[in-house]
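Take a look at the structure below.
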Amino acid sequence: MNRNLVRALLIAGLALSFGAGSFRYSIGDLSDAGPGLFPLMISALLLAVSLMMIARSRYESAVPIEIGMKRISLVLGGLIGFVLVSKAVGVIGGIVALVFVTALAGRSYSWRRNLQVSIALIAVAFALQSLLGLNIGLY
Amino acid sequence: MDVLQNLAMGFEHALTLQNLMYCAIGCVVGTLVGLLPGLGPLATISLLLPLTYSIPVNGALIMLAGIYYGAQYGDSVSAITMKIPHASSIVTCIDGYQLTLKRQTGLALFTAGISSFIGGTVAIVVLAWLTPLLGRVAFMLGPADYCMLMLFGFMCVSVVTTGSVLNGLAMCFVGVLLAQVGTDVQSGVQRFTFNLDTLYDGINLVSVALGCFGIAEITKNLDEGEERSPFNGEIHLIPSWANFKRIMPSALRGSLVGSILGVLPGGGATVAQFVSYAFEKKTSKYRREIGSGAIEGVAGPAAADEAAARTSFIPLMSIGIPENAVTALMMAAFIIKGVQPGPNMIEKNPDLFWGLVASMWIGNCFLLLLNVPLVRIWLSVFKIPYGVLFPSILFFCCIGTFSINNNLNDIFVTVAFGFVGYILMRLSLDPSPLMLGFILGPMLEENFRRAMLLSRGSFEVFVTRPISATLLALVVALTLVGVVGALRAGRRGGLAERHPPPPPDCETNTPPSAMVI
């Protein structure tokens, strides 16, 4: 896929999504703007920009797009795991889940290192709770 | 002479042992939160605000202010060494990180530290001498002027960060649209919230910043197999005389730009550093090097950022209107302590006002000490292997997001923006303009609606007011410069993007030598 065209289409898609969504709210007129008017105007400007980007991409050399989903999935999965486990058993469990899942995205994996990092971060979490009064629900 | 007498009185208050201690605590905490990705001054001041109930009013405000401007110093360290900036070091990150890649981290850190000191000092002079006058400048701006000022900021950002007006403007507008999510303040209507409680108050700035910059950058480093940060832990801090001579003019120019823009609501530190960067690119003797690791690219924005952070207190203290989220929190702290910021504050509480001004300069000296000779201590955190560091950074991202509303669900929004930031990075779309659009979006809408209301729906208001018309002319001029540049590039054999792409490390942030459409 051509990166230049894909980004232009992505921007166009965003403009159309927000523009279409604006019509769900009152538009009003310029002197008495409704909540939909401003997002509609910005969406129109964004669509114009994206059309120019599409036109420009026709004259540019195609640049292949490279997106590797493995590591971003592991990083985001670790963060989601942190939230879900924290809700279920508390932030201590969440920290362990975060460290052990996201470490899979690294080049090397060590249980011992992950355990040490988890313990250090749990200590930091205790410090944040006791010193700053942050109510993070450790367990 | 009155000012000098008042400053002397201020130093008398600020130099008490108790206030010195609060100032030092504020500076140390500020530097630390600036350094650590995931905790910014906004989150920290929010967290510490309840703790200041039992502290005397002068000490509490001196400490909170120290956190704010201390974080401006500290975040340039993580931006330069790790390319993980907060909003206030986005521009310093561009050339600072390039210097790190060239193994000149010490020079970049020294430049950022000394420039911030110069910026802070100049801004304090401005703050002390020109508060009433600059307060009146802000009064002169109407809604149409604010709109044009923000559009001008968008153009500057587009030119500076991406080199492509179209890409930059697109990201600015996406940012403005994202800022529409939440409750419309004028009608109370929920816009683009999909009935999700988390989005009722809008998308959190911290989520966008941590997602687009922190998480995306970590994933990029992992994709590229970087087990360590490019910073190798070795720094040589003292620059050569030739390099030192290059710092001073840029820092002074940045200080002036920051002092002026900091006072304008909507301007502030973010716009100031972008304008300073653009200014350096136009005026510096070494402008051709800017973008690929030039001292001027660090000195100007760092000084502008620090100066703007200080002068952003002027609207708060002279008019009583905070211009950004952090000064809004500071206003809350003032009110909690029974002090109403505004025109009467200086007369009613001169010891508080002048004590705060004096403490800012004392804090400046503390921060210079912390961020130049003692920076090695702070940097020891970056000697940790990346395999240990990145889960820790992700944890701080979680805590930073959670601490805003004490809501774990907010982390899902950060996760979503982590994905968005990663995709944008892979599409060579710089998220910096998106951030600016997101921050200024609500103010742009409010002022646009107000301008249209006052002009009964006529766009003439943008050309009949001198300030607005001048800014509009600048926006048009920048657009024309872009068109002419693109035509010239086309004549030379096609658009700039036909040339081989730059190396991946500087792909998204390095402005090409010619601005393209």
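The values are calculated or read from the model by the stated rules, or taken from the named source; none is laboratory data. Keep in mind it's a predicted model, so treat the numbers as computed, not measured. With ideal geometry, Cβ positions are generated from the backbone for all residues, glycine too; neighbour counts draw on all protein chains shown. Heavy atoms of the whole protein, side chains included, go into the accessibility calculation; ligands, DNA and RNA do not. Shrake-Rupley method; radii C 1.70, N 1.55, O 1.52, S 1.80 Å.
Here are some notes:
- Order of exposure, largest accessible area first, which applies to A:Ser73, B:Ser255 with probe 1.4 Å: A:Ser73, B:Ser255
- Solvent-accessible area buried by B and A, counting both chains, probe 1.4 angstrom, square angstrom: 6100 Å²
- When B:Glu347, B:Glu446 are compared by accessible area at a 1.4 angstrom probe, the order from most to least is B:Glu347, B:Glu446.
- With every protein chain in place and a 1.4 angstrom probe, the accessible-area ranking of B:Val298, A:Val89, largest first, reads A:Val89, B:Val298.
- Listed residue pairs exceeding 22 Å between alpha carbons, taken from B:Lys245/B:Lys282; B:Lys102/B:Lys220; B:Lys220/B:Lys282; B:Lys83/B:Lys285; B:Lys83/B:Lys220; B:Lys220/B:Lys281: B:Lys220/B:Lys282; B:Lys83/B:Lys285; B:Lys220/B:Lys281
- Cα gyration tensor, region A:69-132 - rounded (a/c under 1.5), prolate or oblate: oblate
- For region B:354-399, a decrease in accessible area of 20 Å² or greater in the assembled protein chains relative to the isolated chain, with a 1.4 Å probe, applies to B:Gly387, B:Val388, B:Phe390, B:Pro391, B:Ser392, B:Leu394, B:Phe395, B:Phe396, B:Cys398, B:Ile399.
- Solvent-accessible area of A:Phe18 with every protein chain in place, 1.4 Å probe, in Å² to the nearest 10: 30 Å²
- Placing +1 on the Cβ of every Lys and Arg and -1 on the Cβ of every Asp and Glu, with no other charges, gives chain A a dipole of roughly 660 debye about its Cα centre.
- Formal net charge of residues neighbouring B:Gly211 (Cβ-Cβ distance under 12 Å; K, R +1; D, E -1): -2
- Nearest-ten-degree value, helix A:91-102 long axis tilted from longest Cα axis of chain A: 70 degrees
- Only one residue of A:Pro35, A:Leu47, A:Phe100 has its Cα farthest out toward the positive end of the dipole of region A:22-139, where Lys and Arg carry +1 and Asp and Glu -1 on Cβ, and that residue is A:Phe100.
- The heavy atoms of B:Asp223 present about 40 square angstrom of accessible area, all protein chains included, probe 1.4 Å.
- Heavy-atom accessible surface of region A:69-132: percent carbon and sulfur, 1.4 Å: 72 percent
- Cα gyration tensor shape of region A:3-59, rounded if a/c is under 1.5, else prolate or oblate by comparing a/b with b/c: prolate
- Each stretch of four or more DSSP H residues adds -39500 (n - 2.57); spread over every residue of chain A, this sum gives -24000 deg cm²/dmol at 222 nm.
- Residue-averaged beta-carbon neighbours from other chains (10 angstrom radius) around B:64-77: 0
- Peptide B:456-466, shielding by other chains (average Cβ, 10 Å cutoff): 1
- Residues whose placed amide H lies under 5 Å from that of B:Ser164, excluding near-sequence neighbours: B:Val516
- Near B:Gly120: Cβ cut-off under 13 Å, other residues only, Lys/Arg at +1 and Asp/Glu at -1. The net charge is -1.
- Solvent-accessible heavy-atom area per residue, rounded to whole Å², over region A:3-59 at 1.4 Å: 45 Å²
- Region A:3-59 - percent of accessible surface contributed by carbon and sulfur, probe 1.4 Å: 70 percent
- Taking Lys and Arg as +1 and Asp and Glu as -1, the other residues whose beta-carbon sits under 12 Å from that of B:Ser76 total -3.
- The residues of region A:6-51 listed by number as losing at least 50 Å² of accessible area in the complex, against the isolated chain and with a 1.4 Å probe, are A:Arg7, A:Phe18, A:Tyr25, A:Leu30, A:Ser31, A:Pro35, A:Phe38, A:Ile42, A:Leu46, A:Val49.
- The phi-based Karplus calculation (6.51 cos²θ - 1.76 cosθ + 1.60; θ = phi - 60°) puts the 3J(HN,Hα) values of region A:6-22 at 4, 5, 5, 5, 4, 5, 4, x, 4, 4, 5, 4, 5, x, 5, x, 4 Hz, whole numbers, x for Gly and Pro.
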